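A short write-up of the structure that comes next.
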C-alpha cells in the first residue's frame with residue numbers, strides 16, 4: 001500500500017505573490033519598473049507574483065525596503081512551513097521527517113540532504129538537468145538547511161546513515177567543497193544518537209543494489225519507508241513491505257564497514273592518519 005502524498009496547500013506562495021503585486025501597484029510601479037528597481041529580470045517578478053517562484057528571505061527583505069511594506073513580506077516568508085519551500089514531490093517526506101523519532105537512510109549517489117553542507121547542497125542543485133532557476137535553487141538550498149534543524153530539537157531523532165564510498169570520492173562542487181562536506185559528516189558521527197557506516201566500493205554480497213531508501217518512525221511508532229527516483233517519490237506504510245525494508249537495512253549495516261572503520265576511512269580521505 002502506498003500513502004498518498006499530502007497535496008500542496010493551495011495559494012501559499014500565490015498569496016505571498018499577491019501581496020507583492022498589491023504593494024507594487026500601490027507604489028505605482030509596473031512589473032518592468034519594479035524589476036529594474038530590484039535588479040531582476042521581469043520574468044522573475046512575474047513568477048513571484050504568480051506564485052510559481054518562492055520568495056527567498058533575503059529577496060523578501062529587499063522587496064520590503066523597495067516597496068516600504070514595513071516588513072510584511074519578511075514575516076510572511078518566515079512563517080511559511082518548511083514543506084512549502086521544497087520541491088513538491090518531496091513534501092510528504094518533510095511532514096513526517098520533522099517529527100520523526102527515528103531516521104535510517106541508505107544513499108547511493110549523493111550525501112543525504114540531512115547531512116549536507118550548504119556549499120555541497122548548492123552544487124547538487126547546480127548539477128540538475130534540466131537546469132532550475134537560480135532563485136528556485138536558492139530557495140531549495142535554504143529549505144534543505146532548515147530541515148537539518150531536526151538534529152537541534154530538545155529530543156532529536158535517532159539517526160543512522162549508510163553511504164556508498166563512491167559518494168565520498170565524487171568531488172561534487174570541487175575538492176575543497178568535498179573536503180568540508182566530509183568534515184561535516186565526521187562531526188555528525190560524534191553525537192550519541194547518530195551513527196554512520198560506509199559501504200566500501202566492490203563489497204559483495206550487497207543487498208542494496210536496488211537503490212536508496214529512508215526509513216522513518218513517527219512519534220506514534222508507526223513505521224514508513226520513503227523512496228525517491230528522479231522527479232517522483234512514494235511513501236510505503238504496508239507493514240509487510242516496511243518490514244522487508246527494515247530487514248534489508250539491517251543486512252546493509254552488517255555488510256558495511258563498522259562505525260569505527262567508517263570514521264577511519266573518512267579521516268583517510270582527509271589525509272589524517
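What follows is calculated from the coordinates using simple rules that are stated; it is not laboratory data. All figures in this text were calculated on a predicted structure; none of them were measured in a lab. Neighbour counts are summed over all protein chains in view; Cβ atoms, including those assigned to glycine, are modelled from backbone coordinates with ideal geometry.
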> Among the DSSP beta bridges whose two residues both lie in the chain, what percent are antiparallel, rounded to the nearest 5?
Replying inline: 55 percent
>> Defining a contact as two alpha carbons under 8 Å apart and six or more residues distant in sequence, what relative contact order in percent does the range 2-80 show?
In response: 33 percent
> By how many degrees, 0 to 90 and rounded to 10, does the Cα axis of helix 175-188 deviate from the longest principal axis of the chain?
Replying inline: 70 degrees
>> Helix 239-255 against the longest principal axis of the chain: what's the angle in degrees, Cα atoms only, rounded to the nearest 10?
In response: 60 degrees
>> From Cα pairs below 8 angstrom and at least 6 apart in sequence, can you work out the relative contact order of the chain, rounded to a whole percent?
In response: 20 percent
> What shape does the range 83-269 take by its C-alpha gyration tensor, where a ≥ b ≥ c are the square roots of the eigenvalues and a/c under 1.5 counts as rounded, a/b above b/c as prolate, and the rest as oblate?
Replying inline: rounded
> Which length gain, in nm to one decimal place, applies between residue 169 and residue 14 when the Cα-Cα distance is subtracted from 0.36 nm times their residue separation?
Replying inline: 51.6 nm
> Using 0.36 nm per residue, how much length does the chain from residue 209 to residue 179 gain when fully extended, once their Cα-Cα distance is taken away?
Replying inline: 8.1 nm
> Put a dot 7 Å past each Cα toward the Cβ at residue 154 and residue 193; how far apart are the dots in nm?
Replying inline: 1.2 nm
> Pairing the Cα long axis of helix 12-26 with the longest principal axis of the chain, what angle in degrees results, from 0 to 90 and rounded to the nearest 10?
Replying inline: 30 degrees
> Modelled label-to-label distance, residue 129 and residue 52, 7 Å Cα→beta-carbon offset: nm?
Replying inline: 2.4 nm
> What is the Cα coordinate range of the range 154-264 on the first, second and third principal axes, sorted by size from largest, in whole angstrom?
Replying inline: 42, 37, 30
> Which distance in Å, rounded to a whole number, links the C-alpha centroids of the range 249-271 and the range 109-177?
Replying inline: 20 Å
>> If each DSSP helix of 4+ residues adds -39,500 (n - 2.57) and the sum is divided by the residues in the chain, what number results at 222 nm, nearest 500 deg cm²/dmol?
In response: -13500 deg cm²/dmol
>> If I model a spin label as a point 7 Å beyond the Cα along the Cα-Cβ vector, how far apart are those points for residue 42 and residue 240 in nm?
In response: 6.0 nm
>> How would 166, 233 line up from fewest to most surrounding beta-carbon atoms within 10 angstrom?
In response: 166, 233
>> Going by average Cβ density within 10 Å per residue, which order do the peptides 54-64, 143-153 take, highest to lowest?
In response: 54-64, 143-153
>> So if I restrict to the alpha-carbon atoms in the range 2-80, what is the Rg, and what is Dmax, the biggest pairwise distance, in Å?
In response: 13.4, 50
